[in-house]
Amino acid sequence: MVGILVHGNNHFILSGPEPTEEEAIRIAREFSVVQIGAPVANSFEQWEIRNRELRENLEWAVVVPADAEIAPGVSQLLGELADRGVVIRACADGCW
């Protein structure tokens with residue numbers, strides 16, 4: 001399965017199952033926090049960042065709230081997914 005995890009103005013295309021709210025928060029933390037000197041991780045637990053993926057292949061979408069607004073292009077993509085019937089799940093406010 002492939003989906004999109006949105007965190008503010010950042011997003012990740014991930015292969016793996018649709019994460020629960022708790023998992024989505026952990027994934028967003030893992031990929032959003034830069035650790036100086038640490039190697040860049042492209043995978044976390046059962047999820048892996050995909051560098052290239054067709055929009056048509058996205059099967060799930062989860063939004064983790066953040067201080068920044070969702071980028072316009074990502075908002076458009078979420079709209080396209082919703083039009084296709086993909087459920088866009090949002091984590092509760094303040095879950096970060």
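The values are calculated or read from the model by the stated rules, or taken from the named source; none is laboratory data. No experiment lies behind these values; they were computed from the predicted model shown. All Cβ positions, even for glycine, are placed from backbone atoms using ideal geometry, and neighbour counts span all protein chains on display.
Of all the criteria given as (1) assigned to a loop (DSSP other than H, G, I, E, B); (2) in contact with a Phe, Trp or Tyr (Cβ under 9 Å, 6 or more places away or on another chain), the one not satisfied by Val6 is (1).
Rundown of residues vs (1) at pLDDT below 95; (2) farther than 16 Å from Ile4 by Cα; (3) touching a Leu at 6+ places or on another chain (Cβ under 9 Å), yes/no style:
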| residue | (1), (2), (3) |
| --- | --- |
| Val34 | yes, yes, no |
| Asn42 | yes, no, no |
| Asn57 | no, no, no |
| Ala68 | yes, yes, no |
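Kindly evaluate Val62 against the criterion of being assigned to a loop (DSSP other than H, G, I, E, B), in contact (Cβ under 8 Å) with a residue 12 or more places away in the chain and in contact with a strand residue (DSSP E or B) (Cβ under 9 Å, 6 or more places away or on another chain). First the steps, then the outcome.
Working: assigned to a loop (DSSP other than H, G, I, E, B): no; in contact (Cβ under 8 Å) with a residue 12 or more places away in the chain: yes; in contact with a strand residue (DSSP E or B) (Cβ under 9 Å, 6 or more places away or on another chain): yes.
Against the criterion (assigned to a loop (DSSP other than H, G, I, E, B), in contact (Cβ under 8 Å) with a residue 12 or more places away in the chain and in contact with a strand residue (DSSP E or B) (Cβ under 9 Å, 6 or more places away or on another chain)), Val62 does not qualify.
Taking the conditions (1) surrounded by 15 or more Cβ atoms within 10 Å (Cβ to Cβ); (2) at pLDDT below 90 in turn, Ala61 satisfies each one other than (2). One residue stands out in the range 64-85 among those that are surrounded by fewer than 17 Cβ atoms within 10 Å (Cβ to Cβ) and hydrophobic (A, V, I, L, M, F, W, C): the one that is farthest from Pro17 (Cα to Cα), namely Ala68.
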